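To start, the structure itself, in structure tokens.
Taken together, the values in this text are just the output of simple stated rules run on the coordinates, not laboratory data. Since this is a predicted model, take the numbers as computed values, not measurements. Note that each Cβ is placed from the backbone with ideal geometry, even for glycine, and that neighbours are counted across all protein chains shown.
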């Protein structure tokens, strides 16, 4: 009797679905391999229930086993998986279900644990199961997975003649030229086994270049030719998608015997591909000499050019440097001067690429040595000179090429381009051939000028030695700049070139015509010390300035070139010569830019430390503004005026200390204070160093000035003190420092505003607290009678209101002019939280203005502030009290809210409160017997 597991295997093998379902329903523990009810149990050969169901194609059993957790990738002893056996046997539904269950489509048969056998795709291809093959490919099967010997699914399908399988594999980007260990390709397998249709598929549909030599090896010439002639037109030139014929392919791969067979069978040797390239063209390009000879012998057209570029076989052979091919084509009377579409000839391209032997062969064949490109008239000699191909240049010169023929677009000659690119040997050859060394480009640039700019010393010397180059020639640029070769060499720091030009009497002082820069100036500007030294030794004018007056020493100082500054100073350059445009001296610009070592060098040389620029700025003033501490020290030590006053264009004047304080340069301030700079000298508007430092929040500067006993209370003409401006700007730390130094906390400006008032107005709560802590008077009024509490309430600064109330500010102190209280103005502005704070502080909510009798609740009703009205009512505001003055008559809050068309909610609220208060008043009057009030 079979046990449970064997019964399940038996039922699965026989396709007994009901029995399988019954057995599975008994409660199999599918994930416990030790269980007798395991669905993954295998027999002695390693075959599972799923394996047997897949083998026999029992799809319903396969699906129920998958649902119950059967392992879809478990293989038998030989590595055969369920999907492998289903693919081999052709059970498409089973294959699909297994793929859906994530079966591995690339698991192969194994031998001793190694993947060396066939894959599911391989056996599907082997057995011509096209649908299964498609399904596996859709499931990401590897089309190139091979056996140990390298045989792929395409090999076996080609060998077995399964044409549709081959087509599917080719469409799936299979490697059509994959070679086995025995050197066999798929097309070889097809040809060997007589599957002509497969060969055709591989030839016509294969994406890669199919190896005809394999077919030729098996079939021989006649059968191959018979195959190729099977096209409808009866030719041997059947084309692929790009117009590539069999002959073209044979030529491309240099299969001479195949090609000769095709030629012998009258294949069209001039049939071109879609780009117009013929077999001879591609053979010439690839350098297949024997193939070229065979095609020439077969009367191939040696001058047939590509339709896209017009390049000929000779051109492409010359380009690639295939000498023997070039010689063969020349011998076949190819047109040596037939050019491409852009005018490039074979000689031009050979010269460009430096193929000397090809150039010599073409010259020997009487190629036109001066035929140029059509667009720019660039000759073979020009391009060879440009690339530095010395031997090619010599060959062309020997062939009497025109050494002075220039490009039409720029006017550059072969000599110019060789000089620019630094090809010394080429320059020598051209000079020896009498090339004109003075011919300039259309932009005026000569070979010497260009060689000097690029630093080619040997070329400069060669051109000068030629005896005709003008060393002082001035090149005029399109933008108006004009300069000499010496200028350019100096600019770029080519000291050896500079020395060479100076030695042949180049003018060291000829300047650029647009800016006036001399060679010395531009060498200084770019920091070329060695060039500067050469030019100084050559007696260059050290003080010759630009058109704006800047001298070499000025630009050296500006750029911080210390050693150059020292060299110029030693050569007695004018230390104090200023720019004409702004009056800045070398010392001034060095101070402004923070060049400390340059400043020290100029000071040591006795430069004028107090000479101001056109705006009245001295070096010390400017360095103080920029915060250059060390420079300030150096200038002060050299006797600079620390109390110098700069007068600005608008008539304003400021000291060195003031400008340092303004920008927060504390170290500079301390240095100036230490040497007794006047700490209280003010601008014409009364602004002192302490004031400007307080305004800008520079705490450390403020502290330094306080320590130097600056006047803490010195005010502007409008009465604003340092403490006032610091409070206004919210500079808490500065305020604290001034308070600690006993600044007058209650000093008012001309409008009666004090530091506490302005801090309250601007909302600086921490400043307010600091001033209150310093005993500022919290109830001091402005000229119009406003207290700090009033303005804080007006602006809605509730934190400040609370701070002032805590500090015993009078909550009922009213404005002098109209009697408005803090709670009134807060109610008017709708500042609810302020109103609530004041009510909590027992402010008089019924105190009316003196001018019109309006109460806080009245004004809140007038403005429509519902929540403020509620807060005031909760604070016992009288809603019956009528206004006077402008609001004559019984203008109670309810009436004014109704009259202003405010929200029905506000009106309803006031109506209810009014009725309540009226009722209470009536009862109160009756109790007291107040007849008049009752009436």
Which ordering of 430, 147, 154 is given by a fewest-first count of other beta-carbon atoms within 10 Å?
147, 430, 154
Compute the relative contact order of segment 94-143 as a whole-number percentage, counting only Cα pairs closer than 8 Å that sit 6 or more residues apart in sequence.
33
10 °C / 1.306 mPa s Stokes-Einstein diffusion coefficient of segment 510-559, Kirkwood radius on C-alpha pairs, µm²/s
150
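Within 10 Å of each residue's Cβ, count the other Cβ atoms and sort 630, 286 from fewest upward.
630, 286
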Would you mind ranking 547, 413 by Cβ crowding within 10 Å, fewest neighbours first?
547, 413
Any idea what the relative contact order of segment 783-915 is, in percent, if you count C-alpha pairs under 8 Å spaced at least 6 apart?
19
Where the eigenvalues come from the Cα gyration tensor of segment 311-426, what are the semi-axes √(5λ) of the equivalent ellipsoid, largest first, in whole Å?
23, 15, 11
Compute the relative contact order of the chain as a whole-number percentage, counting only Cα pairs closer than 8 Å that sit 6 or more residues apart in sequence.
3
In deg cm²/dmol and to the nearest 500, what is the mean residue ellipticity at 222 nm of the chain if only DSSP H runs of at least 4 residues count, each as -39500 (n - 2.57), divided by the residue total?
-14000 deg cm²/dmol
Crossing angle, helix 904-928 versus the chain [Cα axis fit, 0-90 degrees, rounded to tens]
20
In degrees, nearest 10, range 0 to 90: what is the angle between the Cα axis of helix 212-228 and the longest Cα principal axis of the chain?
70
Give the Rg/Rh ratio for segment 757-833, taking Rg as the radius of gyration of the Cα atoms and Rh as the Kirkwood radius, to two decimals.
0.93
Taking mean projected area of the Cα convex hull in nm² as the quantity of interest, determine which of [x] 69.9; [y] 37.4; [z] 76.9 was computed from the displayed structure.
[z]
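Mind giving me the FRET efficiency for residue 530 and residue 681? R0 is 45 Å, r the Cβ-Cβ distance, nearest 0.05 is fine.
After rounding to 0.05, the efficiency reads 0.40.
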Across 10 Å bins from the origin, how do the percents of Cα pairs in segment 440-529 run, short distances first?
19, 56, 24, 1
Gain in length, residue 192 to residue 275, computed as 0.36 nm per residue apart minus the alpha-carbon separation, to one decimal in nm?
26.4 nm
At 7 Å along Cα-to-Cβ for each site, give me the label-to-label distance between residue 812 and residue 604 in nm.
8.0
